[in-house]
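The values are calculated or read from the model by the stated rules, or taken from the named source; none is laboratory data. Model, not experiment: these values are computed from the prediction. Note that each Cβ is placed from the backbone with ideal geometry, even for glycine, and that neighbours are counted across all protein chains shown. Calculation scope for accessible area: heavy atoms of the full protein, side chains included, ligands and nucleic acids excluded. Shrake-Rupley method; radii C 1.70, N 1.55, O 1.52, S 1.80 Å.
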Amino acid sequence: MQNYYQKEIETASREELLKIQNEKIVKQVKHVYENVPYYRNLMDKKGVKPEDIKSVDDIKKLPFLSKDDLREAYPYGLMGTDLKNCVRIQSTSGTTGKRVVAFYTQKDIDIWEECCARAIVAAGGTQDDVCQVCYGYGLFTGGPGLNGGSHKVGCLTLPMSSGNTERQIQFMMDLNATILCCTPSYAAFIGETLEEKGYKPEDNKLKAGIFGAEPWTEEMRRGIEKSLGIKAYDIYGLTEISGPGVAFECEEQSGMHINEDHFYVEIINPKTGEVLPDGEKGELVFTSLDKEGFPLLRYRTKDICILSRKKCSCGRTHVKMTKPMGRSDDMMIIRGVNVFPSQIEAVLLKEGYTPNYKIVVDRVGNNDTFDIYVEFTPGQFSDKISDIQTAEDKLKGAMRTMLGIGPKIHLVAPKSIERSEGKAVRVIDKRKLHD
């Protein structure tokens, strides 16, 4: 039996979805043009008027928005309604430049929570479940989004926020949590801590995990599933578009269904802006079809992925996106070679190491240095220098095969790399001293 939160729309025919999208885009472009002077100026510069947009086929006529625009328009320049109609803000973590502040009306929050509810139900959630939300609360969208989705489904919600792993485990075990929501690196950390405490996977009542907010590989998924005894589902979102729940995995675990009744998606060539057909790899671009407070049109996410409309066994008809295969902006170019952290993680897991690592890139003179610090697992650990050297050389060879470039490998003692209880910081690029 298939589980849906809103079956009619989640299994709607392509024709029905297209009809919804066409109606919404005409209304939304008019709304944005009339209420967002910043975007109206971009449209005027491009010579586009709202009446030129008659269906989603015409979206390609509209100008793109990027994070640079969001910084330039900060804080109120992209609001789509009066401040009195907005009831909340959420904000990005602000790793570079100004923070991105997104505004929400009550309707925006209701839609966002419904999208998160769809994700929870797709992972097997019902009103009989206990949903433990360990994403950060506050400005970060993870906690509030899944918290609201859990309420909509009717789960007993444990609003734990991130950190305090001892307390997380106490509540998980005492209250028989069945669904865990957090970053994948924190899920792995919880699994590791449970094992240290002598718990076996079958000792907890968890059945599913909904993990997002950072890149993770299939190998990492299998490791989490094994350590916690669960099925691990991916969820995708970004503050600029609403938060988690823009797309989510079903039981097929072969890509994330995008909630197409609320978000129109395109894949573009990141260099030229040309729209690419389904099946081609490119940059993900989203248009919010019914957002009121912060209605972004053609927002460039910088996430690289592929779209697929192949029929899904779960019965959902909404297009699927792959896991992001890296980002066009956090891709590192080292000695002229494109390197994604997800490639490094894939090698580590394949070679039997934990996903606890740190990448340090620097420049000495005109040459890039590339160091990767990796923990031995307790079973691999050796204090013999010759053993360590052999293992480092083997891992360096595997990295060179994957990346086309050989990093310097530093194998360190188990648990010596600082653990993350929130979003893992994997990369330290000392070449980027200025934003």
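Numbers at a glance
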{"read-out": "Yes/no for G397 being farther than 26 Å from K323 by Cα, without any contact (Cβ under 8 Å) to a residue 12 or more places away in the chain and either under 27 Å from the mean Cα position of the chain (by Cα) or part of a helix (DSSP H, G or I) (or both)", "value": "yes"}
{"read-out": "Residue list for the stretch 76-106, filter: in a loop (DSSP other than H, G, I, E, B) and at pLDDT 95 or above", "value": "Y76, G77, L78, M79, G80, T81, D82"}
{"read-out": "Near pairs, Cβ below 6 angstrom, 6+ apart or cross-chain, from the stretch 187-215 (under 16 Å from A232 (Cα atoms) and touching a residue at least 12 places away in the same chain (Cβ under 8 Å)) to any residue that is open to solvent by 90 Å² or more (accessible area, probe 1.4 Å) and assigned to a loop (DSSP other than H, G, I, E, B)", "value": "A213/K423; E214/K423"}
{"read-out": "Filter result for Y33 (surrounded by 16 or more Cβ atoms within 10 Å (Cβ to Cβ), part of a helix (DSSP H, G or I), under 28 Å from the mean Cα position of the chain (by Cα) and modelled with pLDDT of 95 or more)", "value": "no"}
{"read-out": "Neighbours by Cβ (under 9 Å, 6+ apart or cross-chain): first from the stretch 360-372, in contact (Cβ under 8 Å) with a residue 12 or more places away in the chain and open to solvent by less than 50 Å² (accessible area, probe 1.4 Å); second part of a strand (DSSP E or B) and basic (K, R)", "value": "T369/R363; T369/K408; F370/K408; D371/K358; D371/K408; I372/K358; I372/K408"}
{"read-out": "Enumeration of residues in the stretch 159-186 that are modelled with pLDDT of 95 or more, over 22 Å from A117 (Cβ atoms) and crowded, with 22+ Cβ neighbours inside 10 Å", "value": "Q168"}
{"read-out": "Residue check, G315 free of Cβ contacts under 8 Å to residues at least 60 places away in the same chain, exposed (fewer than 15 other Cβ atoms within 10 Å of the Cβ) and on the phi > 0 side of the Ramachandran plot", "value": "no"}
{"read-out": "Residue, modelled with the lowest pLDDT, within the stretch 45-75, restricted to residues that are touching a strand residue (DSSP E or B) at 6+ places or on another chain (Cβ under 8 Å) and open to solvent by 90 Å² or more (accessible area, probe 1.4 Å)", "value": "Y74"}
{"read-out": "Odd one out for L284 among (1) under 24 Å from K24 (Cβ atoms); (2) open to solvent by 20 Å² or more (accessible area, probe 1.4 Å); (3) not hydroxyl-bearing (S, T, Y)", "value": "(2)"}
